[in-house]
1. Per the helix-only calculation at 222 nm, which mean residue ellipticity applies to the chain, given -39500 (n - 2.57) for every DSSP H run of n ≥ 4 and division by its residues, nearest 500 deg cm²/dmol?
2. Taking the Cα centre of region 8-146 as origin, work out the dipole magnitude from +1 charges on Lys and Arg Cβ and -1 charges on Asp and Glu Cβ, in debye rounded to 20.
3. Give me 105, 65 sorted ascending by neighbouring Cβ count inside 10 Å, so fewest comes first.
4. Under 17 Å from a point 7 Å along the Cα-to-Cβ line of residue 150: which residues of region 93-112 have their amide N that close?
5. Working out 0.36 nm times the residue gap between residue 133 and residue 45, then minus their Cα-Cα distance, what length gain in nm do you get to one decimal?
6. For the chain, which longest stretch is free of loop sites, where a loop site is one of the trypsin sites (Lys or Arg not before Pro) that DSSP puts outside H, G, I, E and B and that has at most 14 other Cβ atoms within 10 Å?
7. What distance in nm separates the simple spin-label points at residue 9 and residue 83, each placed 7 Å from Cα in the Cβ direction?
8. Which of [x] 50, 33, 27; [y] 53, 49, 26; [z] 49, 40, 29 is the computed Cα extents along the principal axes in Å for the structure on display?
Amino acid sequence: MTASDTGATIYASAVLVGSHAVLIRGPSASGKSRLAFDLILAGRAGIIAPTLLIGDDRVHLSVVDGALVVRPAENLAGLLEVRGLGIRSMPFAGRGQVNQIVDLDAADATRLPAPAALEATLSGVKVPRIAVATGVAALPLVIAALITSAAKVS
């Protein structure tokens, strides 16, 4: 395993769903922590694969063997903000390969997105993307992306 760049720390949250990481981006107070916690609950309920926190608020990204990898920021590992309760400790994964990006409060979110809007490139790696409009519930969109595949429409 070789790292092809040193990576960067970004403001985002991430969870490990089964063996794939979901990277959650968005402006402050857009619901990144809430979506991460909701996905963890969905994993515990058996709606999606078992899910663990990777990181909340800040995560570290790097490219390893051509894949985008996310890790928790060292001083925040295992910590998740739960609105109304504060900072909580929970089990976490030390890393995950990013296979889905969720952009909350995305200005380019549409009902039927163009193919180009369904992917993002970070550090030279293309990753599937979900753009979520302000005021739209992100959890059903992310679960749909995790448990379905794109239909071929003629």
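1. Numbers: 2 runs with 23 residues, N = 154.
Theoretical 222 nm ellipticity from helices: -4500 deg cm²/dmol.
2. Value, rounded to 20: 160 debye.
3. 65, 105
4. 99-103, 109-112
5. Values: separation 88, 0.36 × 88 = 31.68 nm, distance 2.61 nm.
Fully extending the segment from residue 133 to residue 45 adds 29.1 nm.
6. Looking at the chain, 1-82 is the longest stretch - no exposed trypsin sites (Lys or Arg not before Pro) with at most 14 other Cβ atoms within 10 Å.
7. It works out to 2.5 nm between the two label points.
8. [z]
Computed from the coordinates by the stated procedures, all read-outs in this text should not be read as laboratory data. Just so you know, these numbers come straight off a predicted model, no measurement behind them. Every residue, glycine among them, receives a Cβ derived from its backbone with ideal geometry; neighbour counts consider all protein chains shown.
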